[in-house]
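Working notes for the structure below.
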Amino acid sequence: MGALLIALLLVGCVRHHERTAAPPNGNRPEASLPPGGQRPPPVPPPAAQGAPAARSPAALMLQPVPPSGRLPGGQTAASSLPGTEGLLPLTAGQPPSPTDYEIGPLHPFPSSDSAADAIYSLAEKFTSGLAQGTIDTSLLSPKWRDTLERFLSYPKEHGMLPDRVRIGTISVQGSEASAPVRFARGAGRTRGTLYFDLVDGKWYLSDIQADFGKLSQPFVRSELYEPTSWQWLLTK
């Protein structure tokens with residue numbers, strides 16, 4: 001009876017050793033998962049004594065480049081552009097021009113049209129004289145000089161000559177030309193047209209179509225204007 005009990009104890013010890021021993025391929029058996037089906041997060045190792053603290057990222061400081069092109073400390077400002085970049089043209093290479101909401105685009109001076117530029121210079125000189133209260137008769141067409149002097153005499157006597165003017169796009173047709181204009185004096189505004197004649201190779205002012213009486217009254221806008229893109233709009 002005692003020998004049988006000893007034999008049973010030996011068999012139980014051998015089976016327990018086989019269950020806890022490593023498998024022949026050297027791999028350890030996986031641990032059983034908890035009832036939730038997820039492994040617990042690994043426990044991080046304790047921090048080493050004397051380890052350096054984490055450093056915060058360095059701040060990036062920007063500063064304007066001096067006109068000399070050199071930065072403090074002897075550094076030289078360099079551009080990363082290779083120098084072959086191009087610019088997108090606006091409206092097929094034509095820059096935007098000032099535009100009045102009543103007479104449209106103003107005449108660009110100087111332009112590629114020498115005749116239009118000569119007429120513009122004439123109109124500028126004449127209207128500059130009007131702003132000073134004078135009428136330069138040498139700029140008036142010999143054929144229409146007396147008529148224009150009589151036409152301008154009334155606004156001159158009553159202080160209604162314009163002191164500012166905007167000259168629109170000049171249209172040249174042979175020996176004649178015209179330009180829309182917008183006159184101003186104080187708070188008054190009026191629009192009109194200047195006409196020019198070519199006489200013996202020289203341009204003269206031949207007619208003025210405008211109501212200078214409106215310059216004595218404050219201007220009140222009565223219509224809306226919706227500008228297109230790429231315009232330098234003048235609304236006053």
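Bear in mind that the values in this text are calculations on the coordinates, not laboratory data. The shown structure was predicted, so the numbers you read here are calculated from the model rather than taken from an experiment. Don't worry about glycine lacking a Cβ; one is built from the backbone with ideal geometry, like all the others, and counts go over all protein chains shown.
Remarks
- Relative contact order for region 102-215: 27 percent, from Cα pairs under 8 Å spaced at least 6 residues apart, divided by residue count.
- Between the amide H of Asp207 and those of Tyr195, distances stay under 5 Å, these residues lying 5 or more places away or on another chain, with hydrogens modeled in the peptide plane.
- Cα convex hull of region 102-215 - mean projected area over all directions, nm²: 6.7
- Stretchable slack from Asp136 to Arg150, in nm (0.36 nm times residue separation minus alpha-carbon distance): 3.7 nm
- The modelled label-to-label distance for the pair Lys202/Ser114, using points 7 Å beyond Cα in the direction of Cβ, is 1.8 nm.
- Förster radius 30 Å - calculated FRET efficiency between Ser175 and Ser97 (Cβ-Cβ, nearest 0.05): 0.65
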